[in-house]
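Trainee: Before I ask anything, here is the structure I am working with.
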Amino acid sequence: MASKVVKKGVKLIGAWDSPFGKRVEWALKLKGIDYDYVEEDLPKKSPLLLQLNPVYKKVPVLVHHQKPIAESLIILQYIDDTWKHNPNFLPLDPHGRATARFWAQFSDDKVLRTTMTAMCSEGEKKEEAVKSVRTAMEYIEGELNKEGKKFFGGEDSIGYLDIAIGWISHWLPVWEEVGSMTILDPIKFPAITAWTANFTSHPVIKHSLPPHDKMLVSFHRLRKVLAPMFT
Ligand SMILES: N[C@@H](CCC(=O)N[C@@H](CS)C(=O)NCC(=O)O)C(=O)O
């Protein structure tokens with residue numbers, strides 16, 4: 001874990017149960033950057049959020065020296081580019097960097113979004129979504145096997161792709177429960193299962209995970225709101 005190196009000028013606008021906001025929190029903590037945190041009430045978006053992210057109106061937003069940056073995967077790269085001290089999140093070689101970004105985008109598009117669809121839908125639509133998430137997860141399983149290390153970032157350090165797929169370790173079980181479905185079968189996905197245990201045991205991650213029960217309440221509520229859009 002890096003020591004505290006930056007004192008001022010960094011603010012994170014997030015929401016406690018947002019897997020995207022949590023990426024930025026993890027990244028700042030892993031780099032040892034001091035920051036102010038502003039919790040956003042998403043049902044009643046603040047003028048601050050609308051001003052800082054007028055295009056998407058979503059959290060997270062990182063403000064550094066009064067300049068906002070939106071979109072969690074872009075923010076992760078900004079953090080890595082700005083604070084270059086250890087740990088380095090992205091590999092140094094261009095192909096390694098491109099590959100990590102590719103799989104991060106893939107896991108957002110094909111795993112995370114489809115899991116939300118599965119959680120919020122029923123019947124055939126749900127079955128189809130669960131099937132496609134499992135197919136997509138096979139690629140992540142394959143990448144972890146290829147790496148053969150504890151984390152994508154290496155044997156000891158969490159990297160960009162670990163942070164990007166970090167939600168699988170703590171949000172996915174909640175979404176499985178809320179959607180009454182099983183996605184992460186440990187027999188089918190032993191590498192992801194082992195990675196999940198490693199990730200959630202890391203001291204920085206372990207102490208910054210929202211409580212499971214509180215998340216269940218929050219995502220049951222979200223499911224109720226979103227379900228009509230998936231029928
Ligand atoms: N692609 C965005 C997704 C951010 C996102 O969906 N944030 C949610 C919270 S988890 C949000 O702000 N939702 C409010 C809304 O959609 O109006 C990222 O990676 O930052």
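The values are calculated or read from the model by the stated rules, or taken from the named source; none is laboratory data. Keep in mind the model is a prediction, meaning the values are calculated, not measured. Here the Cβ positions follow ideal geometry from the backbone for every residue, glycine too, while neighbour counts run over all protein chains shown. Keep in mind that these areas ignore ligands, DNA and RNA; they rest on the heavy atoms of the full protein, side chains included. Shrake-Rupley method; radii C 1.70, N 1.55, O 1.52, S 1.80 Å.
Trainee: With a 1.4 Å probe and all protein chains kept in place, how much accessible area does S180 have, in Å² rounded to the nearest 10?
Mentor: About 100 Å², ignoring ligands and nucleic acids.
Trainee: At q = 0.18, 0.23 Å⁻¹, work out log10 I(q)/I(0) for region 52-97 with the Debye formula, treating every Cα as an identical point scatterer and leaving solvent out; two decimals please.
Mentor: Evaluating at q = 0.18, 0.23 Å⁻¹ gives log10 I(q)/I(0) of -0.60, -0.83.
Trainee: Let me see the P(r) profile for region 94-230: every Cα-Cα distance counted, bins of 10 Å, each bin given as a percent of all pairs.
Mentor: Going from the shortest bin to the longest, the percentages are 12, 42, 35, 11, 1.
Trainee: Please work out whether region 36-115 counts as rounded, prolate or oblate from its C-alpha gyration tensor, where a ≥ b ≥ c are the square roots of the eigenvalues and a/c under 1.5 means rounded, while otherwise a/b larger than b/c means prolate and anything else oblate? Intermediate results must be reported in sequence, preceding the final value.
Mentor: On the way: a/c = 2.77, a/b = 1.40, b/c = 1.97.
Oblate is the answer for region 36-115, as a/c is 1.5 or above yet b/c matches or exceeds a/b.
Trainee: For the chain, what is the percent of antiparallel DSSP beta bridges, rounded to the nearest 5?
Mentor: Working: 9 of 14 bridges.
In the chain, approximately 65 percent of DSSP beta bridges are antiparallel ones.
Trainee: Using a simple charge model, +1 on the beta-carbon of Lys and Arg, -1 on the beta-carbon of Asp and Glu, nothing else, what dipole does the chain show about its Cα centre, in debye to the nearest 20?
Mentor: Working: 31 positive and 28 negative charges, 132 e Å.
It works out to roughly 640 debye.
Trainee: Hey, another quick one. Could you estimate the translational diffusion coefficient of the chain from the Stokes-Einstein equation, with Rh from the Kirkwood formula over C-alpha pairs, at 20 °C and 1.002 mPa s, in whole µm²/s? Numbers along the way, then the final one.
Mentor: Values: Rh = 18.3 Å.
Taking Rh from Cα pairs, D becomes 117 µm²/s.
Trainee: Ordering T182, T99 by how much accessible area each has at a 1.4 Å probe, largest first, what is the list? Write out the running numbers ahead of the final one.
Mentor: Values: T182 85, T99 45 Å².
Highest to lowest solvent-accessible surface, that is T182, T99.
Trainee: Still on this structure, I have one more. From the protein chains alone at 1.4 Å, what is the descending order of accessible area for Y37, Y78, largest first?
Mentor: On the way: Y37 95, Y78 70 Å².
Heavy-atom accessible area, descending, gives Y37, Y78.
Trainee: Would you calculate a helix-derived [θ] at 222 nm for the chain, using -39,500 (n - 2.57) for each DSSP H run of n ≥ 4 and dividing by the full residue count, to the nearest 500? Intermediate values should be presented prior to the final figure.
Mentor: Details: 11 runs with 124 residues, N = 231.
Mean residue ellipticity at 222 nm (helix-derived): -16500 deg cm²/dmol.
Trainee: Take region 10-82, drop everything but the C-alpha atoms, weight them equally and run the Debye formula without solvent; then report log10 I(q)/I(0) at 0.20, 0.23 Å⁻¹ to two decimals.
Mentor: -0.75, -1.00
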